[in-house]
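Contents: one structure, followed by commentary.
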Amino acid sequence: MMAAAKDLTVQGELRFNEPMSRHTTWRAGGASEVFFIPASIEDLSAFLRELDADTPIFWHGVGSNVLVRDGGLPGVVVSATKILRDLERIDKYLVQAGAGVPCTQLARQCIRWELGPSEFFAGIPGSVGGALAMNAGAHGGETWERVESVRTIDRSGEIHERAPGEYTIGYRSVTGPADEWFLGAIFRFEQDVTPSLETLNAMLERRKMTQPLGLPSCGSVFRNPAGDHSARLIEAAGLKGHRIGGAEVSEKHANFIINRDAASATDIEELIEHVRQTVLDKHGVHLRHEVRIVGELQA
């Protein structure tokens with residue numbers, strides 16, 4: 001596959017053995033076999049059409065909710081956020097946003113347009129594409145509550161317009177047509193709901209005060225169990241500050257694991273498992289990952 005990829009004609013950039021630590025907010029992890037940055041949607045479509053049908057494809061956004069194991073990622077990583085940055089108002093209550101638009105940017109622009117409820121997007125530490133893929137939410141709002149339609153691309157390079165009814169949506173969970181990735185979405189906001197810049201700024205200030213934003217992390221590691229919070233359970237288990245290698249459970253927010261000192265992906269994954277098992281032993285609660293763990297274990 002490597003030789004075949006080198007032979008492909010692209011307008012964008014192809015990199016080989018690209019360290020994924022450069023492309024994840026944890027600043028850890030192994031290399032991707034091939035890393036593709038398309039120059040346009042047409043370039044992306046042509047590239048996908050030429051790939052062998054059995055080539056693994058990993059769609060990469062800003063890397064805020066993913067841990068790449070130290071053995072790296074086989075196949076192709078597609079990083080298309082640079083070309084999916086469109087953000088426009090297309091109707092009185094409709095906004096079109098590309099998958100590469102940061103959620104905070106979407107929130108701020110909707111407030112300028114006086115469209116709400118939209119402030120909650122500012123609490124999502126990633127891009128629109130990632131928010132669509134996992135039904136990300138914050139401060140009582142969830143991404144798919146606002147989705148009118150989505151635009152996707154499949155592994156043969158075909159582009160599709162799809163309705164929310166074609167997906168099964170749950171808490172931090174989205175299931176839809178196989179081998180398709182989000183290019184963007186149209187969001188619908190409501191009449192007589194005026195968003196507040198003060199509310200947005202208060203949300204951002206609260207994040208700053210309660211989360212370790214200055215250190216490499218992925219955001220929340222675990223989903224909240226029904227009727228409780230993962231952070232409370234982890235703190236009650238006495239795990240704040242617990243370290244494995246360079247990875248540490250944050251003293252500021254127990255559902256954050258930070259790369260304190262050149263942590264490997266293995267350090268982080270082992271700490272995730274230690275936290276999960278300890279909470280199960282002490283509280284009888286099974287914590288489920290919110291973060292995606294991908295790639296190969298190091299040989």
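The values are calculated or read from the model by the stated rules, or taken from the named source; none is laboratory data. Worth saying up front: this structure is predicted, and the values here are computed from it rather than measured. Don't worry about glycine lacking a Cβ; one is built from the backbone with ideal geometry, like all the others, and counts go over all protein chains shown.
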Which of the residues belonging to region 29-46 are touching a Phe, Trp or Tyr at 6+ places or on another chain (Cβ under 8 Å) and either surrounded by fewer than 23 Cβ atoms within 10 Å (Cβ to Cβ) or over 24 Å from residue 128 (Cβ atoms) (or both)? 33, 34
Residue list for region 172-197, restricted to those being in contact (Cβ under 8 Å) with a residue 40 or more places away in the chain, out of contact with any helix residue (DSSP H, G or I) (no Cβ under 8 Å at 6 or more places or on another chain) and closer than 20 Å to residue 78 by Cβ: 179
State whether the residues of region 216-223 include one that is of a type in the set (Val, Ile, Thr), outside the structural domain of residue 30 (by TED's automatic domain parsing), closer than 30 Å to residue 30 by Cα and in contact with a Cys (Cβ under 8 Å, 6 or more places away or on another chain). no
Out of the residues in region 140-150 that are more than 18 Å from residue 175 (Cβ to Cβ) and modelled with pLDDT of 95 or more, state the one that is surrounded by the most Cβ atoms within 10 Å (Cβ to Cβ). 146
Select from region 66-92 the residues that are of a type outside the set (A, V, I, L, M, F, W, C), at pLDDT 95 or above, assigned to a loop (DSSP other than H, G, I, E, B) and farther than 27 Å from residue 291 by Cβ and list them in ascending order. 86
Single unsatisfied condition, residue 202 versus (1) in contact (Cβ under 8 Å) with a residue 24 or more places away in the chain; (2) outside the structural domain of residue 100 (by TED's automatic domain parsing); (3) out of contact with any strand residue (DSSP E or B) (no Cβ under 6 Å at 6 or more places or on another chain): (1)
Collect the residues in region 57-85 that are farther than 14 Å from residue 12 by Cβ and among the basic types (Lys, Arg), keeping them in residue-number order. 69, 85
Residue identified as without any contact (Cβ under 8 Å) to a residue 24 or more places away in the chain and in the same structural domain as residue 99 (by TED's automatic domain parsing) among 162, 151, 155, 146: 162
Looking only at residues that are more than 17 Å from the chain's Cα centre (by Cα) and within 30 Å of residue 221 (Cβ to Cβ) in region 163-178, which one is surrounded by the most Cβ atoms within 10 Å (Cβ to Cβ)? 167
Residues that are basic (Lys, Arg) and closer than 29 Å to residue 49 by Cα, drawn from region 128-173: 151, 155, 162
Long-range neighbours under 6 Å by Cβ, at least six apart or interchain, first residue part of a helix (DSSP H, G or I) within region 27-46, second not β-branched (Val, Ile, Thr): 43/11; 43/12; 44/38; 44/80; 45/157
When you go through (1) surrounded by 15 or more Cβ atoms within 10 Å (Cβ to Cβ); (2) more than 19 Å from the chain's Cα centre (by Cα) one by one for residue 11, which number turns out not to apply? (1)
Give the number of residues within region 109-153 that are over 18 Å from the mean Cα position of the chain (by Cα), among the aliphatic types (A, V, I, L, M) and outside any loop (DSSP other than H, G, I, E, B). 1
As an exercise: evaluate residue 105 against (1) surrounded by 20 or more Cβ atoms within 10 Å (Cβ to Cβ); (2) in a helix (DSSP H, G or I) and give the number of the one condition it does not meet. (1)
